[in-house]
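The values are calculated or read from the model by the stated rules, or taken from the named source; none is laboratory data. These figures come from a predicted structure and were not determined experimentally. Here the Cβ positions follow ideal geometry from the backbone for every residue, glycine too, while neighbour counts run over all protein chains shown.
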Amino acid sequence: MPERSASSLASRDRGLVWHPYAPLDGPTPYAVRSASGVTLELCAPDGGLYTATDAMASWWCAIHGYRNPRLDAAAHEQIDRFSHVMFGGLTHEPAVALAERLTAIAPGPMAHVFFADSGSVSVEVALKLALQFQAAVGRPGRQRFLTVRGGYHGDTFAAMSVCDPVDGLHSAFPGVLARQVFAPRPPAARLVVADTDEERWETDESALAVWTDEVRSLAAQHEGELAAVVVEPVLQGAGGMYVYHPDCLRVLRDVADEHGLLLVVDEIATGFGRTGRLFASEWAGVAPDILCVGKALTGGYLTLAAVLATSRVGDAITASAHRALLHGPTFMANPLACAVANASLELVESSWKDDVPRVARLLHEHLSPARGLPGVHDVRTLGAVGVVQLDGPVDVARVTRAALERGVWVRPFRDLVYTMPPYVCTDDDVRRIAAGIVGAVEEVHS
Ligand code: PMP
């Protein structure tokens with residue numbers, strides 16, 4: 001794209017197209033000239049050009065980088081066959097192969113797959129499935145969900161209702177969102193990795209005991225109205241890049257079992273290796289009843305998510321009056337997206353075990369200088385996730401620009417400057433990302 005048309009693109013965009021959570025007259029976005037490997041070429045609103053290593057993997061999806069030859073080939077091959085067909089009454093190889101692949105690698109014995117078209121929709125479907133399950137087993141009065149504060153599950157209405165009630169969008173829709181049961185946020189934890197690669201979780205044990213008691217008493221108090229527990233395992237993403245102890249997930253599993261609730265685990269952000277396990281549930285050895293995956297599923301190429309369920313859940317639905325899971329979007333199991341997802345999962349299977357610990361080590365080492373900076377509250381890493389948390393809100397425009405000057409694309413939010421880079425970053429790419437974040441924070445906030 002020529003330089004002039006890139007900057008005029010930004011002005012054509014302004015006021016016409018809504019961007020995520022941004023006013024129509026908000027800051028002008030950067031225009032993308034190209035995306036290849038882990039590199040973005042961007043044109044700033046003032047016409048300045050930047051070549052930047054992508055620290056965001058396009059909101060945590062593009063784990064294999066842009067224009068990945070294997071994913072490009074999978075997309076081309078499928079587009080030469082057919083891009084889309086309806087899923088009502090029809091099936092196709094990419095969807096069935098992907099369902100087989102997902103059930104084979106999922107944490108726990110998952111038997112059934114529903115393909116949705118985005119993460120939020122998959123959460124809607126998961127919640128609907130839990131409601132249908134409870135009705136099917138004779139408990140139609142169980143229509144609420146138990147979750148923890150600090151979570152994020154998407155922007156559709158049921159998904160919003162289980163997001164954090166203070167930091168989420170509840171206040172924008174007073175009286176509209178279903179009223180869920182919120183347990184306190186689990187106490188923060190840290191994974192300590194020794195030089196010997198031995199891993200140890202640390203948390204405040206007494207806070208953990210208090211939290212456990214509170215969750216148990218909430219579940220007991222609301223038992224008759226609760227259908228399921230809904231939670232992001234071990235890492236809360238958009239709710240604050242917050243890490244908690246796997247024991248808390250085990251507690252939620254136990255509580256669900258004791259009170260007849262299903263456990264819905266949202267691995268949309270954490271799935272496919274991001275936290276240092278193929279699924280973050282594995283840190284706790286917990287098998288969910290219902291699992292949501294999305295984001296990196298297609299390596300960031302196309303929008304696709306999936307809801308997986310155990311045979312207990314599937315059997316109950318089949319035995320119910322409706323017999324079916326009552327959902328069926330137009331683009332369900334889009335063949336193009338499924339074909340790319342199959343190729344993406346092949347790449348995940350062959351490379352995440354090498355790449356994620358390598359990226360994790362480098363992030364841990366090269367973000368740690370931020371720890372000593374004035375204005376920095378905390379520095380934490382888990383797998384290929386690196387977070388610098390400030391004492392107050394980030395100056396997003398200035399930090400973004402300062403990082404770009406250092407050859408790095410970041411998109412901070414709230415008090416967080418963070419990275420979830422593509423797994424295919426070289427060691428130098430990861431060092432550049434970490435240095436860019438530390439340097440930008442130092443320049444703008446210290
Ligand atoms: N759940 C989690 C844990 C997420 O991180 C996100 C997206 N950030 C969603 C659900 C919603 O996914 P989508 O944006 O694809 O609707």
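Structural remarks
- Residue check, Arg67 closer than 25 Å to Val293 by Cα, among the charged types (D, E, K, R) and either surrounded by 14 or more Cβ atoms within 10 Å (Cβ to Cβ) or under 23 Å from the mean Cα position of the chain (by Cα) (or both): yes
- Taken over segment 347-397, the criterion of being touching a Gly at 6+ places or on another chain (Cβ under 9 Å), in a helix (DSSP H, G or I) and of a type in the set (Val, Ile, Thr) is satisfied by Val348, Val356, Val359.
- Among the residues examined, Ala126 does not qualify as small (Gly, Ala, Ser), touching a Gly at 6+ places or on another chain (Cβ under 9 Å) and closer than 28 Å to Trp283 by Cα.
- Test: residue in segment 173-181 that is crowded, with 16+ Cβ neighbours inside 10 Å and part of a helix (DSSP H, G or I): no
- Scanning segment 411-446 for residues that are crowded, with 24+ Cβ neighbours inside 10 Å, among the hydrophobic types (A, V, I, L, M, F, W, C) and within 18 Å of the chain's Cα centre (by Cα) gives Val417, Met420.
- Any hit, segment 28-37, residues being surrounded by fewer than 15 Cβ atoms within 10 Å (Cβ to Cβ) and within 16 Å of the ligand (Cβ to nearest atom): no
- Residue in segment 403-415 that is assigned to a helix (DSSP H, G or I), over 19 Å from Arg380 (Cβ atoms) and either touching a helix residue (DSSP H, G or I) at 6+ places or on another chain (Cβ under 8 Å) or not β-branched (Val, Ile, Thr) (or both) present: yes
- Scan of segment 401-425 for residues that are within 19 Å of Val385 (Cβ to Cβ) and free of Cβ contacts under 8 Å to residues at least 40 places away in the same chain, ordered by number: Pro412, Asp415, Val417
Here's the yes/no breakdown for (1) at pLDDT 95 or above; (2) among the hydrophobic types (A, V, I, L, M, F, W, C); (3) away from the ligand (no atom under 16 Å from the Cβ):
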{"position": "Ala172", "(1), (2), (3)": "no, yes, yes"}
{"position": "Ala209", "(1), (2), (3)": "yes, yes, yes"}
{"position": "Gly240", "(1), (2), (3)": "yes, no, no"}
{"position": "Asp247", "(1), (2), (3)": "yes, no, yes"}
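- One residue from Val230, Val162, Val215 being surrounded by 19 or more Cβ atoms within 10 Å (Cβ to Cβ) and touching an Asp or Glu at 6+ places or on another chain (Cβ under 8 Å): Val230
- Against the test of being surrounded by fewer than 20 Cβ atoms within 10 Å (Cβ to Cβ), touching a residue at least 12 places away in the same chain (Cβ under 8 Å) and over 23 Å from the mean Cα position of the chain (by Cα), the options Pro393, Pro374 yield a single qualifying residue, Pro374.
- Test result for His84, at pLDDT 95 or above, farther than 26 Å from Ser281 by Cβ and part of a helix (DSSP H, G or I): no
- Count of segment 134-156 residues which are touching a residue at least 12 places away in the same chain (Cβ under 8 Å), away from the ligand (no atom under 16 Å from the Cβ) and in contact with a helix residue (DSSP H, G or I) (Cβ under 7 Å, 6 or more places away or on another chain): 7
- Being surrounded by 17 or more Cβ atoms within 10 Å (Cβ to Cβ), more than 23 Å from the chain's Cα centre (by Cα), farther than 28 Å from Ala116 by Cα and hydrophobic (A, V, I, L, M, F, W, C) is a property that holds for Ala44.
- Within the option set Leu262, Leu297, being within 30 Å of Trp201 (Cβ to Cβ), in contact with a Phe, Trp or Tyr (Cβ under 8 Å, 6 or more places away or on another chain) and either more than 16 Å from the ligand (Cβ to nearest atom) or without any contact (Cβ under 8 Å) to a residue 24 or more places away in the chain (or both) holds for one residue only, Leu262.
- The combined condition, being surrounded by fewer than 20 Cβ atoms within 10 Å (Cβ to Cβ), within 16 Å of the ligand (Cβ to nearest atom), in a loop (DSSP other than H, G, I, E, B) and not aliphatic (A, V, I, L, M), is not fulfilled by Asp195.
- From Ala256, Ala220, Ala228, residue being hydrophobic (A, V, I, L, M, F, W, C), out of contact with any Ser or Thr (no Cβ under 8 Å at 6 or more places or on another chain), more than 14 Å from the ligand (Cβ to nearest atom) and over 21 Å from Ser122 (Cα atoms): Ala220
- The residues of segment 42-81 that are within 16 Å of the ligand (Cβ to nearest atom) and outside any loop (DSSP other than H, G, I, E, B), listed by number, are Ala57, Ser58, Trp59, Trp60.
- Options Pro288, Pro357: the member that is of a type outside the set (Asp, Glu), surrounded by fewer than 21 Cβ atoms within 10 Å (Cβ to Cβ) and away from the ligand (no atom under 13 Å from the Cβ): Pro357
- Flag if Ala52 is farther than 16 Å from Gly300 by Cα, surrounded by fewer than 18 Cβ atoms within 10 Å (Cβ to Cβ) and under 24 Å from the mean Cα position of the chain (by Cα): no
- Of all residues making up segment 96-133, the number that are crowded, with 23+ Cβ neighbours inside 10 Å, small (Gly, Ala, Ser), assigned to a helix (DSSP H, G or I) and away from the ligand (no atom under 13 Å from the Cβ): 1
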